[in-house]
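Have a look at the structure below before the remarks.
Every read-out reported here was derived from the displayed coordinates using simple, explicitly stated rules and does not represent laboratory data. Quick caveat, the model's predicted, so the values are computed rather than measured. So basically every Cβ, Gly included, is an ideal-geometry build from the backbone, and we count neighbours across all protein chains shown.
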Amino acid sequence: MSNVEGYDTININKSSEVSELLESRGISDDELKMVIYDSETTNEKLCDTGNNEFLGKKTIGNALYFVRYSKEADIYKIHTAYCVKSAFDEES
């Protein structure tokens, strides 16, 4: 995995409902943190200014992850996340 150094400095918060949903989708806290860290450090994210929420994305392995989050002080509140996994490998 590339560009993951520093992702462990990301503090996240999720409701129990969101935690259950993400667990059922097989999305780990580390994957959430990697997406947010990448989105924040590259500033490659979409912004919903009406709700002050962001949508970040990142490819990790053979999966593309999307995380909808907002920032409250130094904590990132996770609203939802999903991923699309591919059975295909990249061609060399």
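Take the residues of region 8-26 that are in contact with a strand residue (DSSP E or B) (Cβ under 8 Å, 6 or more places away or on another chain) and within 13 Å of H79 (Cα to Cα): which is surrounded by the fewest Cβ atoms within 10 Å (Cβ to Cβ)? Across region 8-26, the extreme among qualifying residues is N13. Please tell me if Y76 is surrounded by 11 or more Cβ atoms within 10 Å (Cβ to Cβ), under 13 Å from the mean Cα position of the chain (by Cα) and part of a strand (DSSP E or B). So Y76 passes the test. Being in contact with a helix residue (DSSP H, G or I) (Cβ under 7 Å, 6 or more places away or on another chain), hydrophobic (A, V, I, L, M, F, W, C) and either in contact (Cβ under 8 Å) with a residue 12 or more places away in the chain or part of a helix (DSSP H, G or I) (or both): is that true of F66 here? No. Meeting the requirement of 3 or more residues that are closer than 14 Å to A81 by Cα, the strands (runs of 3 or more DSSP E) wholly within region 1-61 are 53-60.
Checking each residue in region 34-70 for being touching a Phe, Trp or Tyr at 6+ places or on another chain (Cβ under 8 Å) and either among the hydroxyl-bearing types (S, T, Y) or exposed (fewer than 15 other Cβ atoms within 10 Å of the Cβ) (or both) picks out Y37, S39, L46, C47, D48, T59, N62, Y65, Y69, S70.
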